[in-house]
Amino acid sequence: MAPILKGLDMNLATDNVSVIEGEMATISCRVKNNDDSVIQLLNPNRQTIYFKNFRPLKDSRFQLVNFSDNELRVSLSNVSLSDEGRYVCQLYTDPPQEAYADITVLVPPGSPIIESREDVVSEGNETELTCTAIGSKPAASIRWMKGEEELTGETTVEETYDRMFTVSSRVRFSVTKEDDGVPVDCIIDHPAAKDLLAQRNLEVQYKPEVKIVVTYPEGLPREGDNLDLTCIAEGKPHPHQINWLRVDEDVPPHAVVTGSDLYIENLNKSYNGTYRCVASNAVGEAYDDYILYVYDSRAGEGAPQKIDHAVIGGVVAVVMFAILCALIVLGRYFARHKGTYFTHEAKGADDAADADTAIINAEGGHNNTDEKKEYYI
């Protein structure tokens, strides 16, 4: 028997094919240089599908697409897993030449199934979600997204029948109240599928958020005024109970509590204190405080003005500058008058007839000692 030369090194060529189950595959046997040799295509069982342009195999899913001296091209419609395998392009030369085309059938998984350990979870607790992709080939991969955040799951792969795979992924994480309503996506990555995902919106219960709003008065509470407080409480589930209390003291006896509102008439200083609104639901309770301080009825009249330290600093600087200028002027004044005094001591000496007379007549002489006095400051 003559040896068969592989088409890899010769002038006979073909290509591997990947096809999604149910779709069409095309096998092309190409010859670079043909000396009128016969081209035929064989299935994985080495049964002849096409001999030149004739189809001896009685399977109408195979159809001739093109036949020439340099190519035999055949299509296979409605591909199934049983069609997967190695197909042979054969050229009848001496010795014969062969090239191989591997058909790989891709099977997309069914719609993913996402399940949660519990439908509702309370804030601060951990939840668990599981996503399963059944019956794919090859095995699918699974990714998780919580809103814009990617999560890391634990994946298991199980091979079932006929080289098919079932893939499961499990993810765990703690939830907060901000997670309520956030979508969690199980995303399937597979060469035979696009945009395949399952989604579950988180339902998170959380304790109330409480805020006290002063409905009246708009300004400072004064003696004789009325006080109206409203307690706003939101939670999931909605708070089933709202209570008002006065920390460390009793609520004034004539205070009126209507649902979430607290109303007190004719305020006086004995009502000062911390008023607390407490709201609770199945998850827990929370509260908010309002500190009441009742001012005199004339509160705000004649109240000391806010001290502007910048203005005070400016005034002090101006005063210091004025004092400094005054000291400079006084210094120059005294310096000038002291010089004048020494000059006047010799006055009258120029007109004396002799030295003795000049000394006697000079201002500042001993005769005038009692009249000339110096004062120093």
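The values are calculated or read from the model by the stated rules, or taken from the named source; none is laboratory data. Bear in mind the structure is a predicted one, so any value in this text is a computation, not a measurement. Every residue, glycine as well, gets a Cβ built from its backbone with ideal geometry; the counts of neighbours run over all protein chains shown. The accessibility values were calculated without ligands, DNA or RNA, using every heavy atom of the protein model including side chains. Shrake-Rupley method; radii C 1.70, N 1.55, O 1.52, S 1.80 Å.
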| field | Using a Förster distance of 41 Å, the FRET efficiency for L324-D296 (Cβ separation, nearest 0.05) | value | 0.35
| request: Please work out how much accessible surface I291 shows to a 1.4 Å probe, ignoring ligands, DNA and RNA, in Å² rounded to 10. | output: 130
| Using a simple spin-label model with points 7 Å from Cα along the Cα→Cβ vector, what separation in nm is obtained for M24 and K211? | 6.4
| field | Two-site label geometry, R172 and D102: point separation in nm, points 7 Å out along Cα→Cβ | value | 4.0
| query | Based on Cβ point charges of +1 for Lys and Arg and -1 for Asp and Glu, what charge dipole magnitude is obtained for the range 47-93 about its Cα centre, in debye rounded to the nearest 20? | reply | 120
| request: For S116 and T48, calculate 0.36 nm times their separation in residues minus their Cα-Cα distance, and state this gained length in nm to one decimal. | output: 19.2 nm
| remark: Any chymotrypsin sites (Phe, Trp or Tyr not before Pro) in the range 83-164 that lie in a DSSP loop and have at most 14 other Cβ atoms within 10 Å would be Y92, Y161
| Does the range 1-147 come out rounded, prolate or oblate, given a ≥ b ≥ c as the square roots of the eigenvalues of its C-alpha gyration tensor, rounded meaning a/c under 1.5 and, failing that, prolate meaning a/b above b/c? | prolate
| Roughly how big is the range 46-166's charge dipole about its Cα centre, with Cβ charges of +1 (Lys, Arg) and -1 (Asp, Glu), in debye to the nearest 20? | 1160
| query | Once fully extended, how much extra length lies between N272 and Y161, figured as 0.36 nm per residue of separation less the alpha-carbon to alpha-carbon distance? | reply | 32.1 nm
| remark: One finds, for Y263 and D195 with R0 = 56 angstrom and r their Cβ-Cβ distance, a FRET efficiency to the nearest 0.05 of 0.45
| field | Cα→Cβ-extended label distance, 7 Å offset, between V251 and K58, nm | value | 9.4
| Which of the residue pairs K146/K207; K32/K58; K146/K194; K211/K236; K146/K211 have a Cα-Cα distance greater than 25 Å in the structure shown? | K32/K58; K146/K211
